[in-house]
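The values are calculated or read from the model by the stated rules, or taken from the named source; none is laboratory data. Keep in mind it's a predicted model, so treat the numbers as computed, not measured. Note: ideal-geometry Cβ built from the backbone for every residue, glycine included; neighbour counts use all protein chains shown. The accessibility values were calculated without ligands, DNA or RNA, using every heavy atom of the protein model including side chains. Shrake-Rupley method; radii C 1.70, N 1.55, O 1.52, S 1.80 Å.
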Amino acid sequence: MKSFELVEPATIDEAVALLEPDDPGVRAIAGATALVPMMKARLFQPTRLVSLRRLDGALRGVHEHEGGLRLGALATLTELERSSRVRAVAPVMSRALRTLSNVRIRNVATLGGHLAHGDPHMDLPPVLMTLGARVRAVSRRGERWIDLNDLVLGYYQTTMAADELIAEVHVPAQPTGARTWYEKFTALSADDWPTVGVAVWYRTDAAGSDTTRPTVMTEARVAVSAATERPVRVPAAESALTGAAPDDATFRKAADAAADAVEPLADLRGSAAYKREMIRVHVRRALERAR
Amino acid sequence: MADTIVVPEAPVADADAGRALREVGRSMPRLESTAKVDGSVEYIHNLRLPGMLYGRIHRSSIAHGRIVRIDASAALACDGVHAVITADDVATIVPNPYYGPAFHDQPILALGKVRHVGEPVAVVLATDPHVAEEAADLVSVEYEPFDAVFDEVAAAAPGAPIIHDELKPAGMFTDLEHVAGRRGTNVALDARLRTGDIEKGFAQADQVFEHTFRTGKVIHATFEPMVSVAEPAGPGGLTIHTASQSPSFVRSEIARLLGWPENRVRVRTAFLGGGFGAKLYIKLEAMAAVCALLVRKPVRIALTMDEQFYTITKHGATVLIRTGVTNDGRITARQVETYWNGGAYADIGPRVTQKSGFTAAGPYDIEHVALDNYAVYTNDPPAGALRGFGISQLVWAYERQADIIARALGIDPLEFRRRNALRNGRKHATGTVVYGMEVEAVLDRLAEKMEWHRPFDRGSGTIRRGRGIAIGVKACVSPTTSTAAVHVYGDGSCAVHTSTVDMGQASDTTLAQIAAEVLGLPTPDVRIVHPDTDVTPYDMATLGSRSTFHMGNAVRRAAEDVRAQLLRIAAGALGVDMGDLECRDGAVLSRAGAKLTFREVMLARFAMQAGTIVGVGSYTPSYTKPDPRTGYSPNITPFWMLGGAGAEVEVDCETGRVTVTKLVNVADVGRAINPASVERQLCPACSICRAS
Amino acid sequence: MSARHERAVAFTLNGRRVGATVATHETILEVLQREFGLFGARESCGQGLCGCCTLLVNGTAVSGCLYFAAFADGAELTTVEGLAKNGELHPIQRAFVEKSGFQCGFCTPGFILMTKELLSRHPQPTEDEIRHYLSGNLCRCAAYPDIIAAVKRAAELMRA
């Protein structure tokens, strides 16, 4: 690694003032667990890193917010994994965090860095996409909210400008009876990046006392990651689910729709054809496990 | 669940003395246990010398081609860069810079051409490792690319791109002499074995099975990445500190390259953070040595984990196996043709080819056998030994086919193996009579632990279950020599000087137990002096399952030499017959009850509390070189090793994922010196090979 | 290297207040080795995967090969060298010796420190908790059965 200018601002305003809109050599850094390997591989050679570790409390903490969650961008993945608030609102997140990298990385890596890195293998983006989460991004120009579905554009590319920072993530209150699951499939070693990640979310209408009417899914969300160049929602699978009963036949139909719709990329974890099959299998399994 | 069983022999008394063994045969913790848990254990990885430069390798970006031009100017311009070394610089002190244990084919730095991606082309030396790393990237090399070949079968075929102009066997191994001077081929060695009449054997068969099995390359990934630190030692000397499994070889090979006598090259090692066959022969030592001599400063070259992938692998192999059987399950003939993907440089590949190759028919009693093994150059990184010295590639082929044959014949796979097992007293295909190979005991124990005769639930739906067993045979690598010295110091304390390298297999403890047994000392009182070629005697290398046997016998002989000297001195001092004395509890005891501690023996010998008594022992088992036409040798190995494994697996039929649910490993180990340590070697050996 | 690319850092190392001048791109692992001669944390994979470089920062385990030395400023660091007290091995170290939870030993300090974090949160860990914490520490010699036995024994010794 090459040396670089390291600045450690104390406030968000100072931090965003130190970021440069047009200089790719200037980046914000929090846990550094994703950037250091890229720097060691000389894929990224910064001229200035803006460390967020001395920032005041603004970007920290796990807060309850209108029945949902307000998660500080500097919350470590371990804080999220252990948080009873997270578990209460979004148990699917708590579970996903258990197999996300390893304890040492989770102790240091932050939620904001995890999302801003834009790596399609990350576990939380598909989960947060199905939970309806948004991020609040700040810059010298002010702040804006970005839907998680719109955050990642491709390998290591996001819609964030070079001088924008993720300040927090908002997970809305989840409707009663919402069913969720994240299915992570690793084809190589257990702790490898996933070959396919599938997050699902659906809710059913309340059958109430009318037992003659079958339960149907009134809304469904399916997101696929890792096999693709960015985490994607799969509308074809979602529409196969919406309005149908949460049964095996429907789940199979949605899984087939997902396998047809998604364009997987071949790499050392599998051919495109294999990954397409794995999407089929794991969308179905995720739906079954969510039920 | 993994289960490891050592087939034990009954506790045996020492054949010489007729007394019970005290130290040998006992499970005991490693002598260095505390240092390994408090962080103080010595690895060469930790070594920093004053004024040391950090070397970083610039590597080839292409698989095969001519080097047109090397431009190091940008690298040299970096602040902190001391020098950039290329083959031209090497030539100023090593005119013929090709090294290797089997062939002199690997240049210290690429000379004229490159033969694999990642081949070292230049070394940047800098005062700071980060500067060296940045500057190595700035070296610019222009290539004229040639066609490359990666598949071992294609590389052996006519018309393949030729990787080396001429075969240059090293001369150390007499088994390789016959290929010297061959040109226009990528086949570095063809090793044959013929016994019986293979066509007659197939004619006797009711059915003939023919299959091709392939295995891929595997990386050792030792956690202590390869590291060598070289420093000039006075005007005519050189010291190399290196994480090596073969310090004696490093000394002789570096001396040969420099044209120096061996006594001017000192090579020392410490504990190794893993070896598994990766750290054998020359890896970084020649490069570090030349750099240090050129700049007259200590130079450290240490690889990153990724760089190890360019340095050495296990062989990929293609095995064509043809087996004739009678309908009642007797093997009448077996023909095996194996192509070993040796990569761009031979390293120890030709020896792997030959030493494993002759076991390709398996631990089976077969009258007609024809084996052909080809060590093949390709444009992959060089291949060498990895836990088993080439055996697992062959076991994969012959045991997979054993199951296929058994199924086709409707015979239980275990029973099929029993019907064909090679038993003690029978001739192996090489012509060597087999002894000490308990096939029956291993199969019995496997059957018992696998509950082989109980019905097995094969699963249903998308999860299916299966089970299998396999046995394999390995011959201890031969011919080789070990020498050891045992010192007793002025105060009566004792140290063993050995060039065996402890890389996690607990050899220090095992060898201490052997010396302690002979000298009547508690094992923890025996100090092991780590390999240092200025101090510790020659050993061929720590490889091929040879150390406990070869070095163990050398240490035993050295300790017996010391014991004889102690008893002689004590006999004189006590005025008794030597035959009435024994060593026990750190003292010489007489039958009549007289006692002289070792300390008192030393005083008796030197008239003051001082001096050294040295015992020396060497061990070279006998060996008969195989006939190059037939592979025949009545004495191909000092001993055979037989292992067996059984596994139960679950297959997720929707994803292809295989989960091992039970793994049993059975080995005929003879008498274990340190039984717990033996089990700890076998259990992980099956895990590491499973991952492979 | 300009002054902007260097940092004076002060931290507590194994109970002792220390300081050093570090370059911005240096990892804490490099500084522990260069400035303090501590080699118990070792770089192997260099990617945060193997765990050989594990150390504790403010009581939690981190990968020293990915942790900038500049970030250690003001922190409390513990390496394997800091566990023994008055020449007495820590109970976790004793357990690893007793159960022979290592072979070549290169990964051992990392396993010991990860066990320390595990036992500080789960004094009576279940098999699942042990695997959850240690799954990010690799042993290439594959001494895993002995390591798990050592962790269980360490829990017993620490409760005693």
Once accessible area is computed for C alone, A alone and the pair with a 1.4 Å probe, the total buried surface, to the nearest 100 Å², works out to 2700
Could you tell me what % of all Cα pairs in segment A:3-103 have separations over 18 Å?
-> 57
Taking R0 as 35 Å, what's the FRET efficiency between C:Ala160 and B:Arg584 from their Cβ-Cβ distance, rounded to 0.05?
-> 0.40
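Just the C-alpha atoms of the protein assembly as shown: what Rg/Rh do they give, with Rh taken as the Kirkwood radius? Please report the intermediate quantities before stating the final value.
On the way: Rg = 31.9 Å, Rh = 32.5 Å.
My calculation of the ratio gives 0.98.
How big is segment C:91-159 by the Kirkwood estimate over distinct Cα pairs, in Å? Intermediate results must be reported in sequence, preceding the final value.
Numbers: mean 1/r = 0.0872 Å⁻¹.
About 11.5 Å for segment C:91-159.
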Span from the segment C:1-80 Cα centroid across to the segment A:138-174 one, whole angstrom = 32
Size of electric dipole in the protein assembly as shown: Cβ of Lys, Arg +1 and of Asp, Glu -1, about Cα centre, debye, nearest 20 = 1360
Please give the helix C:144-159 orientation as an angle from the longest Cα principal axis of chain C, in degrees from 0 to 90, rounded to the nearest 10.
-> 90
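Let me know the whole percent of all Cα-Cα pairs from chain A that are separated by more than 35 Å. List each step's numbers first, then the result.
Details: 8167 of 42195 pairs.
So the pairs more than 35 Å apart make up 19 percent of the total in chain A.
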Per-residue SASA entry for A:Lys184, accessible area with 1.4 Å probe, Å² rounded to 10 | 50
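Can you work out the FRET efficiency for the pair B:Tyr623 and B:Arg657, with r the C-beta to C-beta distance and R0 = 60 Å, to the nearest 0.05?
Once the sixth-power term is evaluated, E becomes 0.85.
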Decide, for chain B, between rounded, prolate and oblate: order the square roots of the alpha carbon gyration tensor eigenvalues as a ≥ b ≥ c, take rounded if a/c falls under 1.5, and otherwise choose prolate if a/b is larger than b/c, else oblate.
-> oblate
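Run the dipole for segment A:5-51 about the Cα centre, Lys and Arg Cβ at +1, Asp and Glu Cβ at -1, nothing else charged, and hand back the magnitude in debye, nearest 20. If you can, show how the numbers build up before the last one.
Values: 4 positive and 7 negative charges, 80 e Å.
Rounded to the nearest 20 debye, it is 380 debye.
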In terms of the charge dipole of chain A, which places +1 on Lys and Arg and -1 on Asp and Glu at the beta carbon, the residue among A:Ile166, A:Ser139, A:Trp181 farthest towards the positive end is A:Trp181
Find the sum over both chains of the accessible area lost when B and A are paired, probe 1.4 Å, and report it in Å² to the nearest 100.
-> 1000
Please report, in cubic angstrom per residue, the volume enclosed by the convex hull of the alpha-carbon atoms of segment A:114-239.
-> 126
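What does the net charge come to around B:Phe249 if you take all other residues with beta carbon closer than 15 Å to its beta carbon, with K and R at +1 and D and E at -1?
Working: positive: B:Arg251, B:Arg256, B:Arg266, B:Arg268, B:Lys279, B:Lys283, B:Arg351, B:Arg546; negative: B:Glu253, B:Glu262, B:Glu285, B:Asp347, B:Asp532, B:Asp539.
Net of charged neighbours comes to +2.
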For segment B:480-619, what's the radius of gyration and Dmax over Cα atoms, in angstrom?
-> 15.1, 47
When the charge dipole of the protein assembly as shown is computed with +1 at the Cβ of Lys and Arg and -1 at the Cβ of Asp and Glu, the Cα pointing farthest to the positive end, of B:Ser246, B:Ile93, B:His116, is that of B:Ser246
Can you give the average number of partner chain beta-carbon atoms within 10 Å of each beta-carbon in peptide A:158-168, as a whole number?
-> 0
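What percent does the relative contact order of chain B come to when contacts are Cα pairs within less than 8 Å and at least six residues apart? Each step should come with its number before you reach the end.
Numbers: 1714 pairs, mean separation 117.5, N = 692.
Taking the mean separation of contacting Cα pairs over the length of chain B, I get 17 percent.
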First check a/c for segment A:179-290, with a ≥ b ≥ c the square roots of the eigenvalues of its C-alpha gyration tensor; if it is under 1.5, answer rounded, and if not, answer prolate when a/b is larger than b/c or oblate otherwise.
-> prolate
Centre separation in Å (Cα based) which lies between segment B:623-686 and segment B:527-581 = 31
In degrees, nearest 10, the alpha-carbon axis of helix A:248-261 is tilted away from the dominant principal axis of the alpha carbons of chain A by 40
For segment C:7-92, radius of gyration divided by Kirkwood radius, i.e. Rg to Rh on alpha-carbons | 0.95
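So for segment A:57-171, what are the equivalent ellipsoid semi-axes in whole Å, largest first, each being the square root of 5 times an eigenvalue of the Cα gyration tensor?
Working from the Cα gyration tensor, I get semi-axes of 20, 16, 13 Å.
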Links exceeding 29 Å between C-alpha atoms in this model, out of B:Lys168/B:Lys355; B:Lys217/B:Lys474; B:Lys36/B:Lys283; A:Lys40/C:Lys99, come to A:Lys40/C:Lys99
Label point 7 Å beyond Cα of A:Thr215 along Cβ direction - residues of segment A:150-192 with amide nitrogen under 15 Å = A:176-181
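Out of every Cα-Cα pair in segment A:59-115, what percent are more than 17 Å apart? Can you show the working numbers first?
On the way: 466 of 1596 pairs.
Tail of P(r) above 17 Å: 29 percent of Cα pairs.
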Please name which of A:Ile105, A:Met38, A:Val262 has its Cα lying farthest along the dipole of chain A towards the positive end, using unit charges on Cβ (Lys, Arg +1; Asp, Glu -1) and the Cα centre as origin.
-> A:Ile105
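By the gyration tensor of its Cα atoms, with a ≥ b ≥ c the square roots of the eigenvalues, what is the shape of chain C: rounded for a/c under 1.5, prolate for a/b over b/c, or oblate?
Numbers: a/c = 2.20, a/b = 1.78, b/c = 1.24.
Taking the square roots of the gyration eigenvalues as a ≥ b ≥ c, chain C is prolate.
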Nearest 10, in degrees from 0 to 90: the angle of helix C:108-121 to the longest Cα principal axis of chain C is 80
Counting Lys and Arg as +1 and Asp and Glu as -1, what is the net charge of the other residues whose Cβ lies under 10 Å from the Cβ of B:Met52?
-> +2
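So with the 1.4 Å probe, I'd like the accessible area per residue for segment A:179-290, rounded to whole Å². It would help to have the intermediate numbers written out before the result.
Details: 4760 Å² over 112 residues.
Dividing the accessible area of segment A:179-290 by its residue count gives 43 Å².
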For B:Val117, tell me the accessible area in Å² from a 1.4 Å probe, rounded to the nearest 10.
-> 60
Calculate the dipole size of chain B relative to its Cα centre from +1 charges on Lys and Arg beta carbons and -1 charges on Asp and Glu beta carbons; express the result in debye to the nearest 20.
-> 960
Average partner chain C-beta neighbours within 10 Å, per residue of B:237-247?
-> 0
At a probe radius of 1.4 Å, what is the per-residue accessible area of C:Cys65, in Å² to the nearest 10?
-> 0
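Tally Lys/Arg at +1 and Asp/Glu at -1 over every other residue whose Cβ is under 10 Å from the Cβ of B:Ile528; what's the total?
Working: positive: B:Arg527; negative: B:Glu32, B:Asp502, B:Asp508.
Net of charged neighbours comes to -2.
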Can you pull the mean other chain C-beta count within 10 Å for peptide B:38-50?
-> 5
For the pair B:Val535 and C:Glu76, how long in nm is the line joining their label points, each one 7 Å along Cα→Cβ?
-> 4.1
Return the distance in nm (one decimal) between the two label points of a simple spin-label model at B:Arg66 and A:Ser189, each offset 7 Å from Cα along Cα→Cβ.
-> 4.3
